Every structure is written in structure tokens, then in C-alpha cells.
Amino acid sequence: MTIRLLHALPLLLVAAPVLAADAGGAPLLDLRYRYEHVAQDGFARDADANSARLRLGYRTARWHGWSALAEADGVAHLGGERFNDTRNGRTGYPTVADPDYAELNQALLRYDGAHANVQFGRQRINLGNQRFVGGVGWRQNEQTYDGAMMELAPDARWKLTYAYVANINTVFGPDEPKAPSLTAPANIHGDSHLLQARFEPGPALALTGYHYRLDLENVAVAAGAPRGTLSGNTTGLRLQGSHGAFGYVLEHARQVDGHGNPWSLDSRYWLGEASHSAGEVKSTLGYEVLGAGESGPGNRAFQTPLATKHAFQGWADQFLTTPADGLRDAYAGVVVPLAGGKAQAWYHDFRSDRGSYRYGREFNLSWERAVPQLKGLSVLLKAARYRSSDELRTRDADKLWVQLQYTRS
């Protein structure tokens, strides 16, 4: 791993002439250690993963509106590999999807104008709350996008975002197994277009409309499904706002097939959420539906293949792929200050969209705080407990994380 990382770091020197002449740039450093434990029914052994990620980069100062960013990172496994990282062949253990790797994470040119900016190259793309397009920043290997993105903001109320994506560098890369996976490839190829428009006249209302045309030619919704079955068009509208201590979110989207998808798709997404804030305490109630869609062979339910999925539907990650009968998630959570940091507690009740059966329930707890003795260092303790109500469809799972992260930028 160390040799591979040393081989990757010279990629940062691609923009060396620019960096050398730039006196106002900033080096970027991110170091993250994580311990992850997974106990899951169906496996005779528990998974225990110790990993460390090093991310190094450099951002130049602006020159006539232009700037550059280059960033490389790598992950090393510490100790024995008592887990399945999706690449090491340890299939007798539960999955911890953090393969060891070294690669160029970002490399881009950016132009910032008075009312617009544009960037080209390998980059982060996090749209809205990342429910449909995000960077999967929870995993050690971040998901980044090769393409171009433009943002227009004619005034403080309006923001229009368009992105073209030619390749997606997933959390499972950069190396492919001998037989590339249809459900967990290192790279997803295709010509995708992402469009989002946001209008925010005031705190009581923000409207976000979006249209995502995903051409995902070498990935499938399940191992036995044809290639391209995650390709399609998703169009939706999100309303959110606040009045005093109360907040709300309402959202609806429709997903249909496209871009050579061999299956016919037509499914719906619904979200309703209400929240209340009292000082630093915030309580939330929500109901999210990913519809089952059209009947037929295979899984034709509403899917979110580019989302930061760990942030939704429970931290145990039992529904990274929406089941064929869809998913209804009724959830409640509270965020409170605790011991100088922030604690969270969440409960989820999962049921099918088609039919009337219950998948299971989940409890989540976490606590995070900055370490006051060292600026940039934070500690995170986190746990998830999923209990199945239908063992034919899901399995009990317990997960625990301990994380230390140091960031300087």
C-alpha cells in the first residue's frame, strides 16, 4: 500500500508550474483513522476493520478568476483483514467497503466570476442534500466525478447548476477485480447530465427543481440483472423552509427508464418531514417512500445509485439498493448538545411499498466533538442496530464505529 501511495503522489505535480508561481495557495491535509465492527446474521464471523486514509492536496490562489486543485489520497488496512472490502476475497466476513487503494481524488481547473463559476476535471459533486447525487464522503474512498460543472447565480435568490459526467469514480475503486462487478464497479461509464434549479425568496420557502439523466452503462441493479438497468431519468421538486422554530420539507420525484435501459421503469419518490428547534436541540419526524414501480421481472423500484446513501434509511446500510417491493421509512430523530459535542439518536421503521409486510426497525446513536487541545482534530463514536421482522428479506445487523479525523485546509 505504501509503495502504491508513493506512486500516486507525483500526480499532484501535474500543475507544478502553476503551483510554484502561486504565493497565495493553500496545502490540503486530511488524515482519518477508523475502526468498524460489523456483526451480521448469515456470517459465522464478525468483521473488524482498522483503516487509515491520507489525503494530500494543493489549491492555488485565483489568477484572473482561475484556480486549480490537485488532490491524491490512499487507504491502508492496519492489521489483519478480518472483513470483506469487496476486493480482498474475504467473503466469509461481512462487508466493510473500504478497499486499500491510492489514486487521484480530484484534479480540476475552476473559474469564478461575479455571477457564475465553472470547473472542469475530476471533482466532487454534491447536489442538494445528496439524496440523489453525492460524494459518499462517509466511506474512506470518496466518490468523485469526471466531467464539468457550471453554477449560475444571477442574484441571491436564484441558483442554477448543470453538470456533465463522463465517468464516476466509485468508493469501490480504483482497482477492478478479475471479473468486474456489475453491482460494485470501480468506475461507472456513460454520458450523464445533471440539472438543478433553486429559488429561495425567503426563509419560509425554498423551491428546488431537478432533472437527472443518468447513463450508467456498465452497472446493474442486481447481480442477475442486465447491464444498464440503473440508467434512467429522474425529475422532481423539493419544497422546504422554516417559520420560527418549525421547519418542513416536502418532495416528490418520478423515475422512468432511459439511455438504453432494457427494462421499462416508472416509479415515484415521496418525502415529508417536519422539525422543531429549541436552542441547540432539534427534533425531526419524517416519512420517505421509494416506490415499487412497475410490476415485471427483476427489481424495478425507485433507485438512487449516485446518492450518499449512508445518510438515509439508517446507518446500518441495509437498503443501499431499494428492494423490488419498494420501501417506506418512517423515522424520528433528535440532535442534542452533549459533553462539548453533538449527540444524535434516530429510530426507523421500514416497510414495503407494495404489499403490507414489515422489513424491520433500526436504532442509531452517535456522538461527535472537536478535540479542543488540537485544532482540526475531531472524534466520532457511532452505532447502528438493525432488527429484521422478515428474515427472508433482511438480516439482523449491528455496527460500531470509532473514528479520529484531522483536517487542515
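On the basis of being under 30 Å from Pro203 (Cβ atoms), polar (S, T, N, Q), within 18 Å of the chain's Cα centre (by Cα) and buried (at least 20 other Cβ atoms within 10 Å of the Cβ), does Gln318 make the cut?
Values: under 30 Å from Pro203 (Cβ atoms): no; polar (S, T, N, Q): yes; within 18 Å of the chain's Cα centre (by Cα): yes; buried (at least 20 other Cβ atoms within 10 Å of the Cβ): yes.
For Gln318, the condition - under 30 Å from Pro203 (Cβ atoms), polar (S, T, N, Q), within 18 Å of the chain's Cα centre (by Cα) and buried (at least 20 other Cβ atoms within 10 Å of the Cβ) - is not met.
Residues of segment 205-244 that are touching a residue at least 60 places away in the same chain (Cβ under 8 Å) and not small (Gly, Ala, Ser): Thr208, Tyr210, Tyr212, Leu214, Leu216, Val219, Val221, Thr229, Leu230, Thr234, Arg238. On the stretch given as segment 88-123, residues that are touching a Ser or Thr at 6+ places or on another chain (Cβ under 9 Å) and over 23 Å from Leu56 (Cα atoms) total 3. A Cβ distance below 7 Å, combined with a sequence gap of six or more or placement on separate chains, defines the contacts here; from segment 153-168, residues that are among the basic types (Lys, Arg) reach residues that are open to solvent by less than 90 Å² (accessible area, probe 1.4 Å) and in a strand (DSSP E or B) in the pairs Arg157/Phe199; Arg157/Glu200; Arg157/Pro201; Lys159/Glu151; Lys159/Arg198.
Looking at Tyr359, Tyr347, can you tell me which residue is of a type outside the set (Gly, Ala, Ser), more than 30 Å from Gly57 (Cβ to Cβ) and open to solvent by 40 Å² or more (accessible area, probe 1.4 Å)? First the steps, then the outcome.
Values: Tyr359 fails: open to solvent by 40 Å² or more (accessible area, probe 1.4 Å).
Exactly one of Tyr359, Tyr347 is of a type outside the set (Gly, Ala, Ser), more than 30 Å from Gly57 (Cβ to Cβ) and open to solvent by 40 Å² or more (accessible area, probe 1.4 Å), namely Tyr347.
Take Ala197 and tell me if it is farther than 30 Å from Ala102 by Cβ, surrounded by fewer than 21 Cβ atoms within 10 Å (Cβ to Cβ) and touching a strand residue (DSSP E or B) at 6+ places or on another chain (Cβ under 9 Å). The answer is yes for Ala197. The criterion of at least 1 residues that are in contact with a helix residue (DSSP H, G or I) (Cβ under 7 Å, 6 or more places away or on another chain) and among the acidic types (Asp, Glu) is met by none of the strands (runs of 3 or more DSSP E) wholly inside segment 326-400. For segment 144-170, a tally of residues being part of a loop (DSSP other than H, G, I, E, B) and under 17 Å from Leu230 (Cα atoms) returns 1. Of all residues in segment 235-260, those satisfying the criterion of being within 30 Å of Ala184 (Cα to Cα), assigned to a strand (DSSP E or B) and not hydroxyl-bearing (Ser, Thr, Tyr) are Gly236, Leu237, Arg238, Glu251, His252, Ala253, Arg254, Gln255, Val256, Asp257.
Could you look through segment 146-163, keep only residues that are closer than 14 Å to Thr208 by Cβ and charged (D, E, K, R), and pick out the one that is least open to solvent (accessible area, probe 1.4 Å)? Among those residues, the one meeting the criterion is Glu151.
In this entry, Leu320 passes the filter for residues that are assigned to a loop (DSSP other than H, G, I, E, B) and under 18 Å from Lys399 (Cβ atoms).
Results for (1) at pLDDT 95 or above; (2) on the phi < 0 side of the Ramachandran plot; (3) open to solvent by 40 Å² or more (accessible area, probe 1.4 Å), shown as yes or no for each residue.
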site: Gly173; (1), (2), (3): no, yes, no
site: Ala179; (1), (2), (3): no, yes, yes
site: Ala204; (1), (2), (3): yes, yes, yes
site: Thr208; (1), (2), (3): yes, yes, no
site: Gly236; (1), (2), (3): yes, yes, no
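Among the criteria (1) touching a Gly at 6+ places or on another chain (Cβ under 6 Å); (2) not in a strand (DSSP E or B), the one Glu273 does not fulfil is (2).
Note on segment 100-143: residues that are closer than 27 Å to Gly89 by Cβ and part of a strand (DSSP E or B) amount to 5. For segment 224-244, the criterion of a residue being β-branched (Val, Ile, Thr), closer than 30 Å to Ser277 by Cα and more than 19 Å from the chain's Cα centre (by Cα) is satisfied by no position.
I'm trying to understand the selection: among the residues of segment 218-234, which are of a type outside the set (S, T, N, Q), assigned to a loop (DSSP other than H, G, I, E, B) and surrounded by 17 or more Cβ atoms within 10 Å (Cβ to Cβ)? Before the answer, list the steps.
At the first step, the residues of segment 218-234 found to be of a type outside the set (S, T, N, Q) are 219-228, 230, 232.
Then drop every residue that is not assigned to a loop (DSSP other than H, G, I, E, B), which leaves 219-228, 230.
Within segment 218-234, Val219, Ala220, Val221, Ala225, Gly228, Leu230 qualify.
Considering segment 43-99, and only residues there that are in contact with a Pro (Cβ under 8 Å, 6 or more places away or on another chain) and of a type in the set (Val, Ile, Thr), the residue that is surrounded by the fewest Cβ atoms within 10 Å (Cβ to Cβ) turns out to be Thr86. Can you pull out every residue in segment 368-409 that is among the hydrophobic types (A, V, I, L, M, F, W, C), open to solvent by 40 Å² or more (accessible area, probe 1.4 Å) and within 20 Å of the chain's Cα centre (by Cα)? Scanning segment 368-409 gives Leu381, Leu400, Val402, Leu404. Look at (1) in contact (Cβ under 8 Å) with a residue 12 or more places away in the chain; (2) open to solvent by 40 Å² or more (accessible area, probe 1.4 Å) and you find that Thr308 fails only one, number (2).
When you scan segment 2-14, do you find a residue that is at pLDDT 95 or above and under 16 Å from Pro99 (Cα atoms), even just one?
Within segment 2-14, the first condition is being at pLDDT 95 or above, and the residues that meet it are none.
No, segment 2-14 contains no residue that is at pLDDT 95 or above and under 16 Å from Pro99 (Cα atoms).
Restricting Arg131, Arg124, Arg139 to residues that are touching a residue at least 60 places away in the same chain (Cβ under 8 Å), closer than 19 Å to Arg53 by Cα and basic (Lys, Arg) narrows the list to Arg139.
Close Cβ contacts (under 7 Å, 6 or more residues apart or on different chains) running from residues in segment 316-331 that are within 20 Å of Leu285 (Cβ to Cβ) to residues that are of a type in the set (Phe, Trp, Tyr) and part of a loop (DSSP other than H, G, I, E, B) comprise Leu327/Phe319.
The values are calculated or read from the model by the stated rules, or taken from the named source; none is laboratory data. Just so it is clear, the model here is predicted, and its values are computed rather than measured. We place every Cβ from the backbone using ideal geometry, glycine too, and count neighbours over all the protein chains shown. For accessibility, only protein heavy atoms count, side chains too; no ligands or nucleic acids. Shrake-Rupley method; radii C 1.70, N 1.55, O 1.52, S 1.80 Å.
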